Amino acid sequence: MRRNKRGGTEDNPSEIDLTPMLDVVFIMLIFFIVTASFIKEAGVEVNRPDASTSTKKENVNILIAVTATNEIWIDKRRVDKRAVRSVVERMHAENPKGAVVIQADKASNTETVTAVIDASRSAGVYDVSLATEDS
C-alpha cells in the first residue's frame, strides 16, 4: 500500500495475490492424498517359487505372506491361521474391488497355503492368486 498526495492510500495494481492459488494447490494435494491407493505390504520377505507363465495382477490390496516356517503375515503383523478370515473380511470391506495375493515361500507347507486360500474365499474374496518370481 502506498500513500498518495492527498493523504489516502491506494493499492498497487501490479501486485498479484497468490493466496487463492495456494488454496487451490492445497485442496488438490488433500484430494490426491485421500483418493490415493496405498500399497500394503505383507510384512516379511519370502522366497517365491519360479513360474514361466506368471502375469501381473491389478487391483491388489491384500497381500498375505506365508513364510518357510508357516507363519502368516498380513499388513506387517503376524496373524494366526484362525484369524485370517476376519482380517481379510475387514481389509476387503475397505476396498471391495481388491484382490488377494498370497506370497508363499518355496519351503512353506501346502496345508497352510490352502488354509489361507480357503479363509480368503470364505471371507468373500474369490479373486485369490499366488505370487511367483519371473523366470
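Taken together, the values in this text are just the output of simple stated rules run on the coordinates, not laboratory data. Values in this document were obtained by computation on a predicted structure and should not be read as measured data. With ideal geometry, Cβ positions are generated from the backbone for all residues, glycine too; neighbour counts draw on all protein chains shown.
List residues of segment 92-117, by number, whose backbone nitrogen lies under 18 Å from a label position 7 Å along Cα→C-beta of Ser129.
92, 95-105, 117
Nearest 0.05, what FRET efficiency do Arg121 and Thr35 give at R0 = 25 Å with Cβ-Cβ as r? All intermediate terms of the calculation are to be shown ahead of the outcome.
Values: r = 29 Å, r/R0 = 1.16.
The pair Arg121/Thr35 has a calculated efficiency of 0.30.
In nm, what is the difference between 0.36 nm times the number of residues separating Ala93 and Asn70 and their Cα-Cα distance? Could the numbers behind the result be given before it?
On the way: separation 23, 0.36 × 23 = 8.28 nm, distance 2.62 nm.
So the extension gain works out to 5.7 nm.
Treat segment 79-128 as a sphere of radius equal to its Kirkwood radius over Cα pairs and apply Stokes-Einstein at 4 °C in a medium of 1.567 mPa s; give the translational diffusion coefficient in µm²/s, rounded to a whole number. The partial results should precede the final answer.
Working: Rh = 11.1 Å.
Estimated via Stokes-Einstein, D reaches 117 µm²/s.
With a Förster radius of 35 Å, plug the Cβ-Cβ distance of Ala83 and Thr55 into 1/(1 + (r/R0)^6) and report the FRET value to the nearest 0.05.
0.70
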